[in-house]
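The values are calculated or read from the model by the stated rules, or taken from the named source; none is laboratory data. Only a predicted model underlies this, so the values are computations on that prediction, with no experimental measurement involved. Every residue, glycine among them, receives a Cβ derived from its backbone with ideal geometry; neighbour counts consider all protein chains shown.
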2 protein chains.
Amino acid sequence: MSTIIYPNNFSQEIPEGDDHTRAVCGDCGFIAYENPKIIAGSVVAYNDQILLCRRAIEPRKGFWTIPAGFMELGETPAEGAAREAWEEARAKIKVHDLLAIYTVKRISQVHMMYRASLDEPVFEPGPESLEVKLFSWDDIPWDELAFPSVHWALTHYKESMDQNTIAPHTNPEKWKDV
Amino acid sequence: MSTIIYPNNFSQEIPEGDDHTRAVCGDCGFIAYENPKIIAGSVVAYNDQILLCRRAIEPRKGFWTIPAGFMELGETPAEGAAREAWEEARAKIKVHDLLAIYTVKRISQVHMMYRASLDEPVFEPGPESLEVKLFSWDDIPWDELAFPSVHWALTHYKESMDQNTIAPHTNPEKWKDV
């Protein structure tokens, strides 16, 4: 279940008073608690178009994504989504409401996807992007999207466009247990 | 900003290609990425009453809380909320929709709080609780709640009781930057 490879002096054991297996250092007793990580991202609209980034890095280099990435310490999920839009697309976005929370249990990720917008069409590729572009709905490269959650977020965004209040979407039914 | 105390052979540095400071092992180069952690919890209703647990452990031992705790690897936030209700209150809850997402930036926590219910008033203290009890709204011990987010979740739950669809609440305005 662990997503981290620990040095050899760590062993997997259940600490006293705990009921989950943890990685524990055999030298100093340090317990490496490992918990799910949050991906913060957003579907960014400018008028009727959607901002996508073509990835310059693995995994899925060359494929298109919405701006999203690991949430960092000391920020809110919405601040994380705004930071990622800046890092990947040099876009200063306004983050609105929460569109969806997806879970990828296999890799213990929780994706928090927001609705966001651009006031002006000002953007350019950040260091992790090859290309950044606005797409009308008919032109979105559905077959060249980087991750399932990008597909889900774009679909849910379109479904909810006329809704002011959203109960956040979750994984599509057939992908509940991925 | 780090919430973990690392062994002495770790130093704080910015790895190549990164733009955040990380704890890096001086012996093997292992990078300890540290990201916010998710607290999964729920406001559990049985008819017009709310289930609270009196904490048997620090922090805030002796104070009342809703069932909530660190989300574990390999579960969804809703599954985490259900597991915590079992661990703390031996309650088999039905988890409904997402009531709120609170952020405690100072300690890099994201609290995902659900609306939940009990079909039967069956519960008892788990190992982390001194006492588990159903409270009517008028009897909730507001001055003996364990954490601000418990106060917020109960208040938001009550405000939203007649709403079928909730855009998840966030930190109250005066606590936005805690």
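In the set A:PHE135, A:PHE123, only one residue is farther than 23 Å from B:SER108 by Cα and part of a loop (DSSP other than H, G, I, E, B); that residue is A:PHE123. Among the residues of the range A:127-141, are any within 10 Å of another protein chain (Cβ to nearest Cβ), over 14 Å from A:ARG54 (Cβ atoms) and of a type in the set (Asp, Glu)? No - not one qualifying residue is present in the range A:127-141. Has the range A:90-104 got at least one residue that is assigned to a helix (DSSP H, G or I) and more than 24 Å from B:GLU72 (Cβ to Cβ)? Within the range A:90-104, not a single residue is assigned to a helix (DSSP H, G or I) and more than 24 Å from B:GLU72 (Cβ to Cβ).
Among the residues of the range A:131-154, just one is among the polar types (S, T, N, Q) and surrounded by 15 or more Cβ atoms within 10 Å (Cβ to Cβ), namely A:SER149.
Picking from A:ARG83, A:ARG106, which residue would you name as being in contact (Cβ under 8 Å) with a residue 60 or more places away in the chain and either under 17 Å from the mean Cα position of the chain (by Cα) or buried (at least 19 other Cβ atoms within 10 Å of the Cβ) (or both)? Exactly one residue qualifies, and that residue is A:ARG106. Quick one: how many residues across the range A:1-56 are more than 8 Å from chain B (Cβ to nearest Cβ), of a type outside the set (S, T, N, Q) and touching a Cys at 6+ places or on another chain (Cβ under 7 Å)? Number satisfying all stated conditions: 1. Within the range B:57-80, track down each residue that is free of Cβ contacts under 8 Å to residues at least 60 places away in the same chain and aromatic (Phe, Trp, Tyr). Passing the criteria: only B:PHE70.
For the range A:2-46, give me every one of the strands (runs of 3 or more DSSP E) that falls completely inside it and has 1 or more residues that are closer than 19 Å to B:GLY69 by Cβ, among the hydrophobic types (A, V, I, L, M, F, W, C) and modelled with pLDDT of 80 or more.
A:37-46
Scanning the range B:54-74 for residues that are assigned to a loop (DSSP other than H, G, I, E, B) and of a type in the set (Val, Ile, Thr) turns up B:ILE57, B:ILE66.
Residue by residue, here is whether (1) at the interface with chain A (Cβ under 9 Å from one of its Cβ atoms); (2) more than 24 Å from A:ILE166 (Cβ to Cβ); (3) surrounded by fewer than 24 Cβ atoms within 10 Å (Cβ to Cβ) holds:
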{"position": "B:GLU58", "(1), (2), (3)": "no, yes, yes"}
{"position": "B:PHE63", "(1), (2), (3)": "no, yes, yes"}
{"position": "B:ALA68", "(1), (2), (3)": "no, no, no"}
{"position": "B:GLY74", "(1), (2), (3)": "yes, yes, yes"}
{"position": "B:LYS94", "(1), (2), (3)": "no, no, yes"}
{"position": "B:MET113", "(1), (2), (3)": "no, no, no"}
